[in-house]
Amino acid sequence: MRFKIAAMLGLALLALSACTKYEYDLEQFSHTTFDETMPSWSPDGTLLAYTTSEGEGDIVIAELKTLRVTKLTSGDAKDLAPCWSPDGRKIAFASDR
């Protein structure tokens, strides 16, 4: 059975993928000094949305296959706690906008 979890280790967000019962791949895809919290997996398990403390607090999306990281929000508002829609096409999040 394959499953993925997000975990905090120091200031780096890591993705853990259990490939088999005894084999694990642990890969760091974030190289920042900012806090990265509140991870939310996309319904298909290919993307991870999370909150970064960069700026006032922004939402970031990481593509786990390519390790590409894209900022979803930026600016003066504090955006946090992303949550995927069931079909994976939208992300809701809390904000002080």
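The values are calculated or read from the model by the stated rules, or taken from the named source; none is laboratory data. All of these numbers come straight from a predicted model, not from anything done at the bench. Here Cβ is always computed from backbone atoms with ideal geometry, including for glycine, and neighbour counts include all displayed protein chains. Side chains are part of the model used for accessible areas, which takes the heavy atoms of the whole protein and leaves out ligands, DNA and RNA. Shrake-Rupley method; radii C 1.70, N 1.55, O 1.52, S 1.80 Å.
Amide hydrogen proximity for G57: with H placed 1.01 Å from N in the peptide plane, the residues at 5 or more positions away or on another chain lying under 5 Å are D79.
In order along the range 57-73, the phi-based Karplus estimate (6.51 cos²θ - 1.76 cosθ + 1.60, θ = phi - 60°) of 3J(HN,Hα) comes to x, 10, 9, 10, 10, 10, 8, 6, 6, 9, 6, 7, 10, 10, 6, 8, 10 Hz; Gly and Pro are listed as x. Think of a 1.4 Å ball rolled over the protein heavy atoms: the range 53-97 then has 66 Å² of accessible area per residue. When each of the peptides 36-43, 84-91 is scored by how many other beta carbons lie within 10 Å of its residues on average, the order from highest to lowest is 36-43, 84-91.
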